[in-house]
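Step one of this worksheet: look at the structure below.
The values are calculated or read from the model by the stated rules, or taken from the named source; none is laboratory data. Values in this document were obtained by computation on a predicted structure and should not be read as measured data. Glycine also receives a Cβ, built like all others from the backbone with ideal geometry; neighbour counts cover every protein chain displayed.
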Amino acid sequence: MAINQNHTTEELNAVKCAIVEKLVSPERAEFLKKLLQFNKYRVEIATTPPPKAAAAKPLAEGEVAPPPPPPPPLTFTVGVTDLAFNSINAIFSRLLHSENGHVVTQAYWYQKEAVSHDEIPYYESKVKL
């Protein structure tokens, strides 16, 4: 059972995982996978199931059916097998490191910066999140 919405667990690829992020793009999933594996976490990535389609309303006589909606974009759910993992705690407790040796900042986690500037406190950062 989740402590709160920021600490959820799910089964991904038949493995119980702490959810890192849901509905992420393939590029974001790859970024998180590389970062978390560098920090010695076992990462599981699963395709997010498509949303359920609403039932079509019956058409009146002479009414033309609307075109079908475009297919939803391919998204993924990223999780780690360490059930105690919480991304918010990991970022603000300075537990994660980037490949260049810097501590992962909030701006780096959300990919607002290409390099983690861990010498600048998050409350003084000029990056809009």
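If you go through the stretch 22-76 and keep only what is polar (S, T, N, Q) and within 22 Å of Leu95 (Cα to Cα), you end up with Gln37, Asn39.
Being surrounded by fewer than 16 Cβ atoms within 10 Å (Cβ to Cβ) and either within 26 Å of Pro49 (Cβ to Cβ) or touching a Pro at 6+ places or on another chain (Cβ under 8 Å) (or both) is the filter here, so list the residues in the stretch 85-129 that pass it. Listed by number, the residues that qualify are Ile88, Tyr110, Gln111. Here Ala46 meets each of (1) touching a Ser or Thr at 6+ places or on another chain (Cβ under 9 Å); (2) part of a loop (DSSP other than H, G, I, E, B); (3) modelled with pLDDT of 90 or more with one exception, condition (2). Just the residues that are free of Cβ contacts under 8 Å to residues at least 24 places away in the same chain, farther than 15 Å from Ile88 by Cα and out of contact with any Lys or Arg (no Cβ under 9 Å at 6 or more places or on another chain), please, taken from the stretch 98-122. Those that are free of Cβ contacts under 8 Å to residues at least 24 places away in the same chain, farther than 15 Å from Ile88 by Cα and out of contact with any Lys or Arg (no Cβ under 9 Å at 6 or more places or on another chain): Asn100, Gly101, His102, Glu113, Ala114, Val115, Ser116, His117, Glu119, Pro121. Of everything in the stretch 60-92 that's of a type in the set (Ser, Thr, Tyr) and in a loop (DSSP other than H, G, I, E, B), which residue is nearest to Thr9 (Cα to Cα)? Of everything passing the filter in the stretch 60-92, Thr81 is nearest to Thr9 (Cα to Cα).
Looking across the stretch 66-96 at every residue that is in contact with an Asp or Glu (Cβ under 9 Å, 6 or more places away or on another chain) and of a type outside the set (Ser, Thr, Tyr), the one that is farthest from Val20 (Cα to Cα) is identified as Arg94. Between Glu30, Glu63, Glu11, the distinction of being of a type in the set (D, E, K, R) and under 22 Å from Trp109 (Cβ atoms) belongs to Glu30 only.
Between Lys34, Lys16, the distinction of being assigned to a helix (DSSP H, G or I), surrounded by 10 or more Cβ atoms within 10 Å (Cβ to Cβ) and modelled with pLDDT of 90 or more belongs to Lys34 only.
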